[in-house]
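K.L.:
Supplied in structure tokens, the structure appears directly below.
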Amino acid sequence: MRAIPVLVTPPARPVVSLEDARAHLRIDHADQDAMIEGLVLAATAHLDGWRGVLGRAILPQTWQETHVGPGPYLLAMPDVAEVTASAGGAVSVETTALGPIVTLADPVEGVTLSYTCGLPAAQLRAAEVAVKLYLTHLYDGSDLSPAFGAMVEALRWRAV
């Protein structure tokens with residue numbers, strides 16, 4: 001049975017800053033800042049994390065999964081930078097086509113794994129643009145650009 005990841009520590013900053021969002025939407029006043037910040041959060045939530053359409057973390061964030069039975073354990077999201085196990089001890093991570101596979105040096109019958117993941121720098125700019133395109137859609141109700149779909153497909157980890 002596949003473990004369901006739980007967000008433990010969200011990203012330290014938004015994917016798109018308020019200033020960048022205002023510039024993208026061509027807004028030069030602060031009257032709508034609260035709404036714009038909310039729309040940035042909504043656009044990011046649509047794309048980011050295990051439940052987002054990308055199925056992966058955009059910015060570095062920490063997730064946790066509880067697995068039963070002996071390992072190795074398949075993590076739900078890619079781009080893993082660090083893993084720790086509740087059982088302690090050494091942990092190794094192998095990147096495979098199925099996803100990151102975690103093996104414990106001292107196997108146990110179940111474990112909670114905490115891991116930090118986020119997009120590689122080479123893909124981060126495309127994710128920022130995708131958030132801005134979705135932000136525009138939420139802000140003015142316009143149709144999504146075909147470029148949005150192409151970006152999502154290029155960044156998507158799994159079909160959701």
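K.L.:
Select, from 75, 98, 39, the only residue that is in the same structural domain as residue 138 (by TED's automatic domain parsing) and either surrounded by fewer than 17 Cβ atoms within 10 Å (Cβ to Cβ) or closer than 25 Å to residue 127 by Cβ (or both).
P.N.:
Result: 39 is the single residue among 75, 98, 39 that is in the same structural domain as residue 138 (by TED's automatic domain parsing) and either surrounded by fewer than 17 Cβ atoms within 10 Å (Cβ to Cβ) or closer than 25 Å to residue 127 by Cβ (or both).
K.L.:
Among (1) outside any loop (DSSP other than H, G, I, E, B); (2) touching a strand residue (DSSP E or B) at 6+ places or on another chain (Cβ under 7 Å); (3) in contact (Cβ under 8 Å) with a residue 60 or more places away in the chain, there is one condition residue 78 misses while meeting the rest; what is its number?
P.N.:
So the condition that residue 78 fails would be (1).
K.L.:
How many residues does segment 13-48 hold that are over 23 Å from residue 155 (Cβ atoms) and assigned to a loop (DSSP other than H, G, I, E, B)?
P.N.:
Residues that pass the stated criteria total 7.
K.L.:
For residue 67, state whether it is touching a residue at least 60 places away in the same chain (Cβ under 8 Å) and touching a helix residue (DSSP H, G or I) at 6+ places or on another chain (Cβ under 7 Å).
P.N.:
In short, no.
K.L.:
If a residue has to be assigned to a loop (DSSP other than H, G, I, E, B) and out of contact with any Gly (no Cβ under 9 Å at 6 or more places or on another chain) to count, how many in segment 139-160 make the cut?
P.N.:
The number of residues fulfilling the criteria is 5.
K.L.:
Looking at segment 1-31 only, could you name the residues that are assigned by TED's automatic domain parsing to the domain that holds residue 142, crowded, with 16+ Cβ neighbours inside 10 Å and among the small types (Gly, Ala, Ser)?
P.N.:
21
K.L.:
Another question, then. Residue 54 versus (1) under 28 Å from residue 109 (Cβ atoms); (2) touching an Asp or Glu at 6+ places or on another chain (Cβ under 9 Å): which is the lone unmet condition?
P.N.:
Here residue 54 meets the rest and fails (1).
K.L.:
Among the numbered conditions (1) part of a helix (DSSP H, G or I); (2) loosely packed, with under 15 Cβ neighbours inside 10 Å; (3) touching a Ser or Thr at 6+ places or on another chain (Cβ under 7 Å), tell me where residue 136 comes up short.
P.N.:
Only one criterion in (1) part of a helix (DSSP H, G or I); (2) loosely packed, with under 15 Cβ neighbours inside 10 Å; (3) touching a Ser or Thr at 6+ places or on another chain (Cβ under 7 Å) is unmet by residue 136, namely (2).
K.L.:
Would it be correct to say that residue 118 is surrounded by fewer than 19 Cβ atoms within 10 Å (Cβ to Cβ) and either among the small types (Gly, Ala, Ser) or closer than 22 Å to residue 44 by Cβ (or both)?
P.N.:
The answer is no for residue 118.
The values are calculated or read from the model by the stated rules, or taken from the named source; none is laboratory data. On a predicted model such as this, the values are computed, not experimentally measured, just so you know. Note that we place each Cβ from the backbone using ideal geometry, even for glycine, and neighbour counts take in every protein chain shown.
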